[in-house]
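**Q** Got a structure here, written out as structure tokens. Questions coming.
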């Protein structure tokens, strides 16, 4: 029996999606792209999932589009695969946090897939590269705009116009990933982070994620106006009793965190 190209495991309301084409460095074949889109569609309708962790099997997170498959495609199929951001759209439309557990190589389309996540934790074995210019295509999944806004336009140009690799440590230094951990600590670290997210109000987490993303796509002034509008609308549903109870929970958790560090 052939193993699925996308493994899905759910534990404690955390869904871990593992790209499972290790022999092809988890390259995005048509089958894998369809599986990712379908998985996020199903999870979006599943109220019992709070957080998604996205990772890869083997030594790669994702090597981008399957160039071997593209090489045997018709011109129309190639154009559709390169320009069609269906996979990235599936992640961006998802309403709950996605933690990218970058276990290895994240190259070109795989780099774009990583950038579609909300939080990135990298293994020390991770490496990033944008090889669009070397392959001879232009990005169509948002990399040219997201990368410069994440690490700065000059660093983004260095990566994209050379196709050079970026180590996990340099990615952390440049603000591309939240932190770097040892390979064996990657999934436990992501699970711990997911549980921290779960300790917050789930409806607010979803609304806050959307607010950040929507504001990021606008000017600063428009983003501030958006925040004010959303804040006022949300405040109408708050009650003093609910706020008092949540305040106690915040204080208790704060004391626990301080105690654990002493």
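**Q** Does any residue of the range 90-104 turn out to be over 24 Å from residue 212 (Cβ atoms) and either in a strand (DSSP E or B) or out of contact with any strand residue (DSSP E or B) (no Cβ under 9 Å at 6 or more places or on another chain) (or both)?
**A** no
**Q** Tell me yes or no: at least one residue of the range 173-183 is outside any helix (DSSP H, G or I) and modelled with pLDDT under 95.
**A** No; the residues of the range 173-183 include none that is outside any helix (DSSP H, G or I) and modelled with pLDDT under 95.
**Q** Let me ask something else about it. Filter the range 110-140 down to the residues that are out of contact with any helix residue (DSSP H, G or I) (no Cβ under 8 Å at 6 or more places or on another chain) and at pLDDT 95 or above, then identify the one that is farthest from residue 87 (Cα to Cα).
**A** Restricting to residues being out of contact with any helix residue (DSSP H, G or I) (no Cβ under 8 Å at 6 or more places or on another chain) and at pLDDT 95 or above, the top hit is 131.
**Q** When you scan the range 31-41, do you find a residue that is assigned by TED's automatic domain parsing to the domain that holds residue 100, in a loop (DSSP other than H, G, I, E, B) and out of contact with any strand residue (DSSP E or B) (no Cβ under 8 Å at 6 or more places or on another chain), even just one?
**A** So far as the range 31-41 goes, no, none of its residues is assigned by TED's automatic domain parsing to the domain that holds residue 100, in a loop (DSSP other than H, G, I, E, B) and out of contact with any strand residue (DSSP E or B) (no Cβ under 8 Å at 6 or more places or on another chain).
**Q** Inspect the range 189-197 for any residue being more than 16 Å from residue 100 (Cα to Cα), at pLDDT 95 or above and surrounded by 15 or more Cβ atoms within 10 Å (Cβ to Cβ) and give the result as yes or no.
**A** No: the range 189-197 contains no residue that is more than 16 Å from residue 100 (Cα to Cα), at pLDDT 95 or above and surrounded by 15 or more Cβ atoms within 10 Å (Cβ to Cβ).
**Q** Oh, and also: Mind listing just one residue for me: the one in the range 186-203 that is assigned to a helix (DSSP H, G or I) and free of Cβ contacts under 8 Å to residues at least 24 places away in the same chain and, of those, farthest from the chain's Cα centre (by Cα)?
**A** Here the residue is 203.
The values are calculated or read from the model by the stated rules, or taken from the named source; none is laboratory data. In this text the structure is predicted, and so the values were computed from the model without any measurement. When we count neighbours, we look across all protein chains shown, and the Cβ atoms used for this are built from the backbone with ideal geometry, even at glycine.
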